[in-house]
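Here is the structure we will look at.
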Amino acid sequence: MKNDYDEVNWSDYCYKENDGDKTWWVDTSWFAKGLMLITFDKKKFYNLFEDYPHNMSSEEIEIFDKENPFWADFFSDRK
């Protein structure tokens with residue numbers, strides 16, 4: 001079963017917190033409260049609360065943790 005957010009072209013809503021980052025955040029504020037999506041290539045999107053870290057590659061986790069220490073600490077009990 002598809003979720004409503006599967007039908008949206010999320011690549012149109014991507015932005016980076018810092019110029020050199022490899023993590024793209026997705027502006028979902030217009031769509032749903034509490035939905036936090038990230039991507040590394042604007043093709044595969046992760047729901048941060050559902051997918052971190054178990055659905056991400058070790059390289060993606062390493063990049064995300066380095067660029068987002070707050071969230072790495074927040075989810076530290078998941079590792």
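The values are calculated or read from the model by the stated rules, or taken from the named source; none is laboratory data. The shown structure was predicted, so the numbers you read here are calculated from the model rather than taken from an experiment. Glycine also receives a Cβ, built like all others from the backbone with ideal geometry; neighbour counts cover every protein chain displayed.
Which of the residues belonging to the range 24-79 are of a type in the set (S, T, Y) and either under 19 Å from E7 (Cβ atoms) or free of Cβ contacts under 8 Å to residues at least 24 places away in the same chain (or both)?
Correct list: T28, S29, T39, Y46, S57, S58, S76.
What number of residues within the range 12-64 satisfy the criterion of being among the aromatic types (F, W, Y) and over 24 Å from R78 (Cα atoms)?
The qualifying residues number 4.
Is it true that some residue in the range 45-56 is over 17 Å from Y15 (Cβ atoms) and of a type in the set (S, T, Y)?
yes
Name the single residue, out of those in the range 1-46 being surrounded by 10 or more Cβ atoms within 10 Å (Cβ to Cβ) and acidic (D, E), that is modelled with the lowest pLDDT.
Across the range 1-46, the extreme among qualifying residues is D27.
Looking at the structure I just gave you, is F49 more than 20 Å from D19 (Cα to Cα) and either part of a helix (DSSP H, G or I) or modelled with pLDDT of 95 or more (or both)?
yes
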